[in-house]
Amino acid sequence: MEAEVDFGDVAVRLAGEMVTCYLFSLRLSYSGKAVHRVFASASQEAFFEGHVHALRTLGGALRGRVRYDLNLKAAVAQVLGLIRARVETDFNPL
C-alpha cells in the first residue's frame, strides 16, 4: 500500500465564528480510501498523531511509500535544489 499525506489549513465555523484549524489527510494511492482529522494547531505532534489515527483506522502499517507535499513544514525542513532531496525536520518529543 502506498499513501499520500497532506496537512493544511481549513476554515471551520466554531461557535458562530470562523476559526483556522489544520486538516491532516492520508489517502491510499490505489483504493483512494482516505482518513482525515482536524487539529487546533499545525504542530509536529499533531502531524504524528494524525498518522497514528490514520494507521489505526486503516488497521495497521503501510508497506509501500508515503509521499509528502514538499511544502509540508511538519515533515520537510528544506528542499535541496533541483534534485529535490529533502532535509527532514528534527523531532524531539521532550
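List of remarks:
- Hits in the range 1-13 (condition: at pLDDT 90 or above and either of a type in the set (A, V, I, L, M) or assigned to a loop (DSSP other than H, G, I, E, B) (or both)): Ala3, Val5, Val10, Ala11, Val12
- Of the strands (runs of 3 or more DSSP E) lying entirely inside the range 21-92, those carrying at least 3 residues that are at pLDDT 95 or above and either surrounded by 11 or more Cβ atoms within 10 Å (Cβ to Cβ) or touching a strand residue (DSSP E or B) at 6+ places or on another chain (Cβ under 6 Å) (or both) are 34-39.
The values are calculated or read from the model by the stated rules, or taken from the named source; none is laboratory data. Computed from a predicted structure; not experimentally measured. Glycine also receives a Cβ, built like all others from the backbone with ideal geometry; neighbour counts cover every protein chain displayed.
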